[in-house]
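Worksheet for the structure shown next.
The values are calculated or read from the model by the stated rules, or taken from the named source; none is laboratory data. Keep in mind that this is a model prediction, so the values were computed, not measured. All Cβ positions, even for glycine, are placed from backbone atoms using ideal geometry, and neighbour counts span all protein chains on display.
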């Protein structure tokens with residue numbers, strides 16, 4: 001399950017705020033409550049930890065830990081039950097000067113169910129489970145192939161996850177004694193066909209119904225790849241998912257790494273393809289049906305408040321506060337929110353027209 005723009009923004013903002021926080025001793029409290037876990041048990045556990053903290057020798061550390069736990073207990077009592085996806089809670093004294101007290105508490109219900117249960121009192125907040133939620137769930141299929149070998153893998157982020165390795169029975173170019181050249185060529189051709197059919201079947205099994213698959217990249221010697229893709233070994237449904245073909249020198253794991261290196265241009269384009277698509281639609285409507293779009297702070301805000309916005313488009317160049325403000329407005333009427341970088345020409349154009357735009361549900365005079 002992928003996070004929405006608003007969910008990613010909220011999560012990044014919280015992590016950015018909590019990451020620099022440091023306790024002078026082990027006095028910052030992190031609690032992760034998994035989905036379905038009884039919140040009352042967590043509160044009881046924290047009360048027990050308060051009792052244990054009474055034994056801390058340092059007066060300031062003892063006070064900071066007990067205060068942090070108390071603020072967290074008070075905060076958790078505001079919840080009638082554990083939120084559907086669980087809860088991550090952080091509390092501690094973040095005052096810059098020793099002896100001062102600025103005890104704060106933060107909490108977030110993740111967009112996907114938490115599976116981890118954690119209580120930790122340390123010099124920093126434990127943010128790894130939240131950072132993992134930001135990791136991409138989208139993957140690419142990778143295929144490296146020659147006449148003798150093939151390997152399939154997933155590419156997730158920058159990590160290659162090997163799936164299937166297969167070797168053909170295609171004989172070498174030196175024919176066995178006594179065989180006619182024609183017969184030997186037939187054997188080689190038959191073995192190659194079986195090899196290609198097997199790879200095509202693996203591609204169908206691994207890639208066709210894979211959730212989050214953004215595309216397939218195929219690599220190998222040009223002549224082999226063209227032979228493989230030029231016939232009907234690969235089904236039409238799988239072929240549609242192929243976004244790039246690269247000429248390679250290697251197969252196996254070296255080949256996968258070479259394919260990754262040679263596909264950086266494609267992957268970068270894929271990253272921004274969605275942005276270009278939504279911005280392309282906006283500018284096309286601006287030119288042909290201007291009553292279906294709006295841009296600029298005041299105009300878009302007005303349409304959001306009227307509940308007529310279908311898609312809200314925000315530039316990442318906006319301040320965090322402004323993004324948060326508009327995304328909260330959008331939440332009220334179930335608006336799709338898109339954050340757009342300035343890495344594309346369209347993204348720069350969005351920046352130049354005020355960094356805030358919208359596609360409306362229906363045409364309106366404005």
Restricting the search to the stretch 112-127, which residues are in contact with a helix residue (DSSP H, G or I) (Cβ under 6 Å, 6 or more places away or on another chain) and within 19 Å of residue 16 (Cβ to Cβ)?
125, 127
Based on this model, can you work out whether residue 95 counts as free of Cβ contacts under 8 Å to residues at least 24 places away in the same chain and within 15 Å of residue 124 (Cα to Cα)?
yes
Taking into account only those residues within the stretch 84-100 that are in a loop (DSSP other than H, G, I, E, B) and at pLDDT 90 or above, which is nearest to the chain's Cα centre (by Cα)?
85
Output for the stretch 324-348, where each listed residue is within 13 Å of residue 311 (Cα to Cα) and either within 20 Å of the chain's Cα centre (by Cα) or assigned to a strand (DSSP E or B) (or both):
327, 336, 337, 338, 339, 340
Taking the stretch 112-130, which residues are at pLDDT 90 or above and closer than 17 Å to residue 9 by Cβ?
127, 130
Select from the stretch 303-323 the residues that are surrounded by 15 or more Cβ atoms within 10 Å (Cβ to Cβ) and part of a helix (DSSP H, G or I) and list them in ascending order.
303, 304, 322, 323
Check whether at least one residue in the stretch 129-143 is touching a residue at least 40 places away in the same chain (Cβ under 8 Å), in contact with a helix residue (DSSP H, G or I) (Cβ under 9 Å, 6 or more places away or on another chain), surrounded by fewer than 17 Cβ atoms within 10 Å (Cβ to Cβ) and in a strand (DSSP E or B), and report yes or no.
no
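Residues are listed down the side, and each one gets a yes or a no for (1) over 15 Å from residue 143 (Cα atoms); (2) modelled with pLDDT of 95 or more; (3) surrounded by fewer than 18 Cβ atoms within 10 Å (Cβ to Cβ); (4) within 31 Å of the chain's Cα centre (by Cα):
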{"position": "157", "(1), (2), (3), (4)": "yes, no, yes, yes"}
{"position": "161", "(1), (2), (3), (4)": "no, no, yes, yes"}
{"position": "170", "(1), (2), (3), (4)": "yes, no, no, no"}
{"position": "178", "(1), (2), (3), (4)": "yes, no, yes, no"}
{"position": "195", "(1), (2), (3), (4)": "no, no, no, no"}
{"position": "212", "(1), (2), (3), (4)": "yes, no, yes, yes"}
{"position": "217", "(1), (2), (3), (4)": "no, yes, no, yes"}
{"position": "236", "(1), (2), (3), (4)": "yes, no, yes, yes"}
{"position": "265", "(1), (2), (3), (4)": "yes, no, yes, yes"}
